[in-house]
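The structure appears right after this line, and notes come after that.
The values are calculated or read from the model by the stated rules, or taken from the named source; none is laboratory data. Keep in mind that what you see is a predicted model, and the values were worked out from it rather than measured. Note that we place each Cβ from the backbone using ideal geometry, even for glycine, and neighbour counts take in every protein chain shown.
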Amino acid sequence: MTDTRLQPGDPAPEFALTTDSGEPLSLADLRGHRVILYAYPAAMTPGCTTQACDFRDSLGSLKAAGYEVVGISPDPAERLAKFRDRDGLTFPLVSDPEHAVLTAYGAWGEKKNYGRTYTGVIRSTFVIDPAGAIERAFYNVKATGHVAKLRRDLGLD
């Protein structure tokens, strides 16, 4: 667990993880592109489905503006593949079962829900510039409406 909160200008923590297709994907593979990396708690849950489908539905305009989208969760790659297929997701989902990358980004930590405290994924979104630095870091985002807000923040609406 960490209290890390990334700030604009910080180097984005490197990662090399397995995707929903079983292939490796690293941040280095995406160098030269602007990247939206979003962390979500669990594939195929209502909030995470809403958020993933919002990214899917905005992907064309995000790509046209030079962004690549990657979702990250602790789910195993097999579950991510089911999520991708069930909801027609058209961007890579990466598996971080050890929480190492989530922790490095400050997206794994203590949460409170209905008065209960537990450790888990802090729903977060990171915009990474083509050189690998953090442009923006959003923590504790809402699943519903987040992509629309992100698009406004990035000047895409």
Mind checking which residues of region 72-103 are of a type in the set (Ser, Thr, Tyr) and assigned to a strand (DSSP E or B)?
-> 73, 95
Enumeration of residues in region 12-64 that are under 19 Å from residue 151 (Cα atoms) and of a type in the set (Gly, Ala, Ser) = 39, 47, 52, 58, 60, 61, 64
What number goes with the only condition from (1) of a type outside the set (Phe, Trp, Tyr); (2) within 22 Å of residue 46 (Cβ to Cβ); (3) free of Cβ contacts under 8 Å to residues at least 12 places away in the same chain that residue 152 does not pass?
-> (2)
Just checking, which of 59, 89, 30 is surrounded by 20 or more Cβ atoms within 10 Å (Cβ to Cβ) and either modelled with pLDDT of 95 or more or in contact with a helix residue (DSSP H, G or I) (Cβ under 7 Å, 6 or more places away or on another chain) (or both)?
-> 89
Residues in region 10-68 that are within 19 Å of residue 100 (Cβ to Cβ), part of a helix (DSSP H, G or I) and of a type in the set (Asp, Glu): how many?
-> 1
Residue in region 140-157 that is within 28 Å of residue 23 (Cα to Cα) and hydroxyl-bearing (Ser, Thr, Tyr) present | no
Restricted to region 104-157, and to residues that are assigned to a helix (DSSP H, G or I) and of a type in the set (A, V, I, L, M), which residue is farthest from residue 62 (Cα to Cα)?
-> 104
What number of residues within region 99-119 are in contact with a Leu (Cβ under 7 Å, 6 or more places away or on another chain) and of a type in the set (Phe, Trp, Tyr)?
-> 2
